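For reference, the structure discussed in these notes is given below.
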Amino acid sequence: MSQEKLGEQLGLTFQQVQKYEKGTNRIGASRLYEVSRILNVPVQYFYEEMAEGDVPARNGEMAFAEGDGTPYVMDFVSSSEGLQLNRAFFDIKDPTVRRSVIDLLKNLSKAQREAE
């Protein structure tokens, strides 16, 4: 599929798709999920050839990993719950509602941490 056709389906210019492809601009999780649906590939497809050393790091730790260096994002996104959550969230078109969902999850998570 061409960058132009992918851009049309995403509602973006081919230049923006090109920036995602080259890594000039970062792509958000929901947009990456949308791309995977359009291309009919799993999200993991975009990470298959990525070596552990290629993962951007902060403070010496692997990005999206627990303190011991165990990646958790791909494990979660690949899980049944992760896929369900991703699909449901992606189906919400209203940015205000999306923000409310994020806030709700943060509050629930915070309440659970405080209860422990």
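I'm checking my understanding of the structure. Among residues of the range 37-57 that are part of a helix (DSSP H, G or I) and β-branched (V, I, T), which one is modelled with the lowest pLDDT?
Across the range 37-57, the extreme among qualifying residues is V43.
Residue pairs whose Cβ atoms lie under 6 Å apart, separated by 6 or more positions or on different chains, with the first residue in the range 81-103 and aromatic (F, W, Y) and the second surrounded by 14 or more Cβ atoms within 10 Å (Cβ to Cβ) and part of a helix (DSSP H, G or I), are F90/Y33. Scanning the range 84-116 for residues that are of a type in the set (D, E) and assigned to a helix (DSSP H, G or I) gives D91, D103, E114. As a summary of the residue check, L32 satisfies the conditions (1) under 26 Å from I92 (Cα atoms); (2) modelled with pLDDT under 85 except for the one numbered (2). Within the range 1-24, residues that are touching a residue at least 12 places away in the same chain (Cβ under 8 Å) sit with their Cβ atoms under 6 Å from residues that are among the charged types (D, E, K, R), at 6+ positions apart or across chains, in these pairs: F14/E4. Within the range 25-34, can you find the residues that are out of contact with any helix residue (DSSP H, G or I) (no Cβ under 7 Å at 6 or more places or on another chain) and in contact (Cβ under 8 Å) with a residue 24 or more places away in the chain? The one that is out of contact with any helix residue (DSSP H, G or I) (no Cβ under 7 Å at 6 or more places or on another chain) and in contact (Cβ under 8 Å) with a residue 24 or more places away in the chain: A29. Scan the range 1-25 for residues that are among the β-branched types (V, I, T) and in a helix (DSSP H, G or I) and the total you get is 1.
The values are calculated or read from the model by the stated rules, or taken from the named source; none is laboratory data. Note that the structure is a prediction, hence the values are computed from the model and not measured. Neighbour counts run over all protein chains shown; Cβ positions are idealised from the backbone, glycine included.
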